[in-house]
Structures are given as C-alpha cells and as structure tokens.
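**Q** There's a structure below that I have some questions on.
The values are calculated or read from the model by the stated rules, or taken from the named source; none is laboratory data. Note that the structure is a prediction, hence the values are computed from the model and not measured. Neighbour counts are summed over all protein chains in view; Cβ atoms, including those assigned to glycine, are modelled from backbone coordinates with ideal geometry.
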Amino acid sequence: MTILPPSPPVAQDFEGDYRPADPLDPLGHLDPVNARIEAADVAYLMRLTDALNTTLDLQTLLKRTAELVHSVIPYRIFTILLLNDRTHELRMRFQIGHSPQVERTRIAVGKGVVGQVALTRQPLLLNDVSTDPRYIPANPEVRSELAVPLIAKNRLIGVMDLESEQAEFFRPEQLRVLTMTASRIAQAIENARLYARVTRQAQTLEVLNEIATELASILDLKPLFERVGQLLRRLIDYQMFSILLLDEKGETLITRYAWRFGYASAPLRRIPVNSGLVGAAVREWRTVNVADVLNDPRYLPMNPETRSELIVPLFYKGRVIGVLDLEHSRTGFFNEEHERILTTLAAQVAIAIENARLYQAVRLQEQQLERDIAMAREVQLRLLPAGPPSLSHAELAVRFVPARTIGGDLYDFLDYGPGRTAIVLGDVSGKAAPAALFAALVSGIKRSAAQPHPGPAAMLGLLNDALQERKLESQYVVMLFAVWNDENRTLQVANSGAVQPIFCRTGESVPVRAEGFPLGMFANVTYEEFNVATQPGDAIVFVSDGILDAENAQGDMYGEERLAGLICAHRGRPAREIADAILADVTRFQDGKERFDDETIIVLRVQ
C-alpha cells in the first residue's frame, strides 16, 4: 500500500487539473517516448472532451466515461462514487463489476480506500490491498486498486475507483491518465447535476402549479386528502404519508388520512401536541426532518419500518391547523429539496383544507336551512285554506304557485255570517322566508280583526293600524278584501294597492277601479269601498302581480289585456276551469323561463 504523489512529468494546477508530460528533455531535445505519450494523452483527452460535451444526462455521461477509461485501462471493476454533502457519505452512482449488495453500500469520508482519497483529496494506488488495513473487503478477489478524487472548482464531489483481481495491476502512467480524466469528468458531472437540478425545479414548479389549480377545485375532504397523496408522489418518492389535523381545542393531532406502501388507510390515531415528532412540528412552528428516528427520543414508534421522517406544519391565517408527515424506511432519505417542495405544497394544502371545511360547514347550514324551509312551507300551507267554500249562487276556485319553496302571497276565505263570505288576496313585499313570515303575521292579525265582521274598507284600516304598531322596516303588504253576499249576488271590494279585480260580463271586461295605499306603509290611512252588482254568468277574477308581471324569454310581460281576453273567452266555463286556463296560459307564455314572483288566482263565477 502506497500513496503516490504526482510523478515528475505531471504537474497540478490550482484547479486540481493535470498537464501532460513535457515532450522536451532537460537539454531541450525532443524525447520520442514523451512525445508519444503526449500524443496519446491529447488524443484521449479529445475523445473524452467530445464524449463529455455531447450529453447532459448524468447516467449517459458516467457510462461514456467508463467506456473511455476502459479503452486505456483494462480494469475489471469500475466505480464512480458521489459525495452526499449532508451526510458526508460516498454513494455508488455508477459501477461495473460489483454485486447489487455492494452497490447499496454507503462509505463515510475517511473510511476505506475511497474514503481516504475523499478525505485527503489525493490519488491513491495500492499494489496489494490485502496488506492495507484501510481496505474494505467488499470483493475478496480484489488485489489492486486505483482511486482518484473528483474535484470541480476546488470542491470534492466524489471519487473514481478502479479495481483488479491481479496484484500490481495498475501502473503510474495509468494513474496519470485517470487523474486527467477525473478533473474533466468532475466538471462534467457538476454540469449534468446543474442541468438535472434546473430541469427538476422547472418540473417541480409545473407540478406545484398544477397541484394548486387542482386542489382549489376539490371541496370534499376525503377526495382532497387522497388527491394530495397522489400528487405528492409525483414530487417525492415517499413510502408512508399521513395528514394529521388539530382538533377544535388545538391540543390533539388526529390522523385524517394515511398511506402505507401503496395502500390507503385512515387509522384513528390521536397524538397530543406535547409528544412525538409531529407534536414538535406543531409546538415549534417549523419543519422537522429526522435522518434516523431510532436516534431521536421524541419519536413515537407508530410504524416499525420507519427510519427517516419529514414533517411540515400546515399554516392558515397565522395558526397551525395540522401537519403533513412523510416517512421512509431508508435513513437520511429526505433532503433540503424535499423540505422546500413540501413546505411550498403545504401552503396550498392548508388553504384547500380550510376551503373544504368551509364548504362542508356551508353545506350543513344549507341542509339545515332546507329542512327549516320545508317546515316553513308546511306551516304556510296549513295557514292557507284547504279549498274555497261551496256557495249556492256562485262558484269559487283558487290556484297558488309560489316562485320559491315558500312564498309571500296569501289568500283566505272567511265566514262572514249567513250567506256572506270574505275573499282575501294579499301579496307581501319580498320573497321566500321573510315574506312568508310576514304573511303569517298578517294572516294572524286579519283573522283576529275579522271576528266582528267589519266591512272591507274598515278591515283594511284595522290591519294598517295593527301593522303600524308592529312596524317592520321595508315590510308592507298589498291586499284585496272583498265580501260576497250570496243572497243578493253583490260584492263589496276594498283595495290597498293590489292588482285591481277584472270583471267580465257578456264578453266584455272592466277592472274594478279600487285603489289604496299598501298596509303598514303609512299611518292613519282610510280606504274606499266599492259595491259591484252581478248577474248569472258574470266572472270576477282576483290575481296577484305575479300573473300580470310574468315574463317570457324576450322580456315581454303577460299583462292585463291578455288576462282580460282569456277570462272573457272562458267565462262560460266552471270557475276551476277558468283558473286552470289562466295558469296554463301564463305557463305557456313564460315558455320555460323561471318564475320570479308568486302566482295566485281566485275566480268568482256567478251561477
């Protein structure tokens, strides 16, 4: 075992490069031997340069280097080991002649022959490795070894190592050739690494952008967790992955998703934040990267295969909501690049998780609201009469179609004593639940005020006064209140801003010109009352403004003229058929356009 310094005809510059031998002897005469050596060196270096300049793929580069070296040094075993700056270990990046078991070996700087070369940054030629205690007997048949450091810009990046099963196989001139090769292959390796790093970073940014876009569209937590695990594997080749989220008190991490060696599972594990590596990441608000968990007292043994673990906190609006936890069965697997990737991804994951949580909360509220509205709908329908009363000298029919699940229209038929029936049609301002609640209030007041059977005008005055006492901002109701006397076939009508009734006789229609201010809008309002005498065959129709204001796709409104013509065209038919005809015609007119207001129809046809 000997360490050979560069031979006299070989010189080393400040970059660790070597120059070929001088073809002139000390007297200045041409030395034929040195000239041949120089020519061979130049030819070799030119082939080497061509080979190194034609690729930026590291694996191809190393393979071509091995082939060129073999053309001048007929080695039996060839290895290029690269240095891991973080662990200070040499790992075989390319080899010929070693077994798979040896290929997985990690050699610390300073250990073994190649470790010594890495430490001293000097080449080493051993004529008989069996006499050198530093030799690691990976192959018991090896007898001689030649190793040179790979140095680029004064930085050690690895070692090139040749071995033979013959003692004293390697010669000093081969050391010189290998040294020249090493200085150039080192820089080529660095260039290939830089290219691979830039390419990988570009691919990582592209994947991260794709992940951010995709995660923003997933609003259910379970599919979101699964997709995070799938997308993350495109960036980091982990073996185990977990998402743990903090409980409401922020005291316990709960496993919400877990992936183990190709299979997804979600074991319900609860880890207090004051214990374990995951708890440390939460408490310290920082990434935790452990090369060997067996040497860390904080580790909680969850998976017996785990050796290295990387944990990144999930931050959202200045607080930790959980962690991403990656594990691998190999020690020191996760590096700084993995940390950067996971930290960048964690920000997007945290936002996606909170968006999904918010969406789920909104969905629960919507479901509760739908149940509440369904109940309100049931209550509203129970407040409406089951159907119109039967009369001796007239027919009554009613149709009600709310624009939404619950509506703001109200109607009623009140018993006003022998032979008298009050007909009520109202429309509360607004729509949906607020309108329905206000309609219920109005209905309650109306039924209470109707006990002494006041006339239509007086009834509207009572309702207006009562709503003034219970005044609600921006809430009012328009109402038609009519009393039908079935004995003398007369109708008393008062109006507080509702659509005027349409009266049709012998094919001609006229509106009943009853007007007035909406109820609840102004105090101390009086209302007019109109008396209408009818005869058999007359039809009087009450509608809410949802009928007249119904629109088609072109924005045209149904209108009073069309309604009046339809009523007169069907006045000879029963009341229920007239009501159905009106509703069907309005539906045809809308031609599929969504209703924007409640639609109520009451038909009074004189027998």
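**Q** What is the one condition in (1) surrounded by fewer than 18 Cβ atoms within 10 Å (Cβ to Cβ); (2) within 15 Å of Gln348 (Cα to Cα) that Phe225 does not satisfy?
**A** (1)
**Q** Right, another one. Is it the case that Ala264 is at pLDDT below 85 and more than 24 Å from Asn335 (Cα to Cα)?
**A** Here the answer is yes, as Ala264 does meet what is asked.
**Q** I need the full set of residues from the range 53-90 which are under 14 Å from Leu150 (Cβ atoms), modelled with pLDDT under 90 and in contact with a Ser or Thr (Cβ under 8 Å, 6 or more places away or on another chain), in order please. Spell out the reasoning first.
**A** First, pick out the residues of the range 53-90 that are under 14 Å from Leu150 (Cβ atoms): 58, 61-62, 65-66, 69, 78-85, 90.
This time we only want the ones that are modelled with pLDDT under 90, so: 58, 61-62, 65-66, 69, 84-85.
The answer is Leu61, Thr65, Val69.
**Q** Report, by residue number, each residue of the range 288-321 that is in a strand (DSSP E or B), in contact with a Lys or Arg (Cβ under 8 Å, 6 or more places away or on another chain) and either assigned by TED's automatic domain parsing to the domain that holds Arg86 or closer than 18 Å to Trp259 by Cβ (or both).
**A** Selection gives Ser308 alone.
**Q** Can you list residue pairs whose Cβ atoms sit under 8 Å apart, with the first residue in the range 486-512 being free of Cβ contacts under 8 Å to residues at least 24 places away in the same chain and at negative phi and the second being surrounded by fewer than 17 Cβ atoms within 10 Å (Cβ to Cβ) and of a type in the set (D, E, K, R)? Count only pairs 6 or more apart in sequence or on different chains.
**A** Gln500/Arg513; Gln500/Glu515
**Q** Being over 30 Å from Asn355 (Cα atoms), of a type in the set (Val, Ile, Thr), surrounded by 15 or more Cβ atoms within 10 Å (Cβ to Cβ) and under 54 Å from the mean Cα position of the chain (by Cα) is true for just one of Ile157, Ile218, Ile211. Which residue is that?
**A** Exactly one residue qualifies, and that residue is Ile157.
**Q** Here is a follow-up. I'd like the full set of residues that are in contact (Cβ under 8 Å) with a residue 12 or more places away in the chain and either touching a His at 6+ places or on another chain (Cβ under 7 Å) or under 24 Å from Leu604 (Cβ atoms) (or both), limited to the range 370-393.
**A** Gln380, Leu383, Leu384, Pro385, Pro388, Pro389, Leu391, Ser392, His393 - these are the residues of the range 370-393 that are in contact (Cβ under 8 Å) with a residue 12 or more places away in the chain and either touching a His at 6+ places or on another chain (Cβ under 7 Å) or under 24 Å from Leu604 (Cβ atoms) (or both).
**Q** What number of residues within the range 160-208 satisfy the criterion of being of a type outside the set (D, E, K, R), over 29 Å from Gly229 (Cβ atoms) and within 50 Å of the chain's Cα centre (by Cα)?
**A** 12
**Q** Can you tell which of Pro149, Pro100 is out of contact with any strand residue (DSSP E or B) (no Cβ under 9 Å at 6 or more places or on another chain) and assigned by TED's automatic domain parsing to the domain that holds Thr181?
**A** Pro100
**Q** For Asp415, work out the one condition from (1) more than 53 Å from the chain's Cα centre (by Cα); (2) acidic (Asp, Glu); (3) surrounded by 19 or more Cβ atoms within 10 Å (Cβ to Cβ) it doesn't fulfil.
**A** Here Asp415 meets the rest and fails (3).
**Q** Considering only residues that are closer than 23 Å to Lys63 by Cα and either part of a loop (DSSP other than H, G, I, E, B) or under 50 Å from the mean Cα position of the chain (by Cα) (or both), which ones fall in the range 111-127?
**A** Listed by number, the residues that qualify are Val114, Gly115, Ala118, Pro123.
**Q** Those residues that are within 18 Å of Ala152 (Cα to Cα) and either surrounded by fewer than 13 Cβ atoms within 10 Å (Cβ to Cβ) or more than 42 Å from the chain's Cα centre (by Cα) (or both), I need them from the range 89-110; list them, please.
**A** Val109
**Q** Right, here's the next one. From Leu277, Leu224, which residue is modelled with pLDDT of 90 or more and of a type in the set (A, V, I, L, M)?
**A** Just one listed residue meets the conditions, Leu277.
**Q** Take the range 457-511 and flag every residue that is in contact with a strand residue (DSSP E or B) (Cβ under 9 Å, 6 or more places away or on another chain), assigned to a loop (DSSP other than H, G, I, E, B) and among the charged types (D, E, K, R).
**A** Asp486, Glu487, Arg489
**Q** For the range 136-159, name all the residues that are over 14 Å from Leu119 (Cα atoms) and either among the hydroxyl-bearing types (Ser, Thr, Tyr) or in a loop (DSSP other than H, G, I, E, B) (or both). Walk me through it before giving the result.
**A** Step one: list which residues in the range 136-159 are over 14 Å from Leu119 (Cα atoms), which gives 136-146, 152-153.
Within the range 136-159, Ile136, Pro137, Ala138, Asn139, Pro140, Glu141, Val142, Arg143, Ser144, Lys153 qualify.
**Q** For residues in the range 506-538 being under 19 Å from Val424 (Cβ atoms) and of a type in the set (A, V, I, L, M), which is farthest from the chain's Cα centre (by Cα)?
**A** Val532
**Q** Scan Leu175, Leu162 and give me the residue that is assigned by TED's automatic domain parsing to the domain that holds Gly115, surrounded by 16 or more Cβ atoms within 10 Å (Cβ to Cβ) and not in a helix (DSSP H, G or I).
**A** When all the criteria are applied, what remains is Leu162.
**Q** Would you confirm whether or not the range 269-284 contains a residue that is part of a helix (DSSP H, G or I), surrounded by fewer than 19 Cβ atoms within 10 Å (Cβ to Cβ) and of a type in the set (S, T, N, Q)?
**A** No: the range 269-284 contains no residue that is part of a helix (DSSP H, G or I), surrounded by fewer than 19 Cβ atoms within 10 Å (Cβ to Cβ) and of a type in the set (S, T, N, Q).
**Q** Please go through the range 365-389 and pick out each residue that is within 22 Å of Leu583 (Cβ to Cβ) and of a type outside the set (A, V, I, L, M).
**A** Within the range 365-389, the first condition is being within 22 Å of Leu583 (Cβ to Cβ), and the residues that meet it are 377, 380-381, 383-389.
Correct list: Arg377, Gln380, Pro385, Gly387, Pro388, Pro389.
**Q** Report, ordered by the first and then the second residue, all pairs with beta carbons closer than 7 Å, sequence separation of six or more or different chains, a first member in the range 419-446 that is over 13 Å from Leu472 (Cα atoms), and a second member that is surrounded by fewer than 19 Cβ atoms within 10 Å (Cβ to Cβ) and of a type in the set (Gly, Ala, Ser).
**A** Lys431/Ala403; Ala433/Ala376; Ala436/Ala376; Ile445/Ala466
**Q** Please identify the pairs in which a residue from the range 274-288 that is within 13 Å of Leu244 (Cα to Cα) has its Cβ atom under 8 Å from the Cβ atom of a residue that is β-branched (Val, Ile, Thr) and in a loop (DSSP other than H, G, I, E, B), counting only partners at least 6 apart or on another chain.
**A** Gly279/Val273; Ala281/Thr287; Val282/Val273
**Q** Of all the strands (runs of 3 or more DSSP E) wholly in the range 514-607, which have at least 1 residues that are surrounded by fewer than 17 Cβ atoms within 10 Å (Cβ to Cβ)?
**A** The strands (runs of 3 or more DSSP E) meeting that bar are 530-533.
**Q** Only residues in the range 449-478 that are over 19 Å from Leu491 (Cβ atoms) count as the first member; pair them with residues that are surrounded by fewer than 16 Cβ atoms within 10 Å (Cβ to Cβ) and modelled with pLDDT under 95, Cβ under 6 angstrom, at least 6 apart or cross-chain, and list the lot.
**A** Gln468/Ala523
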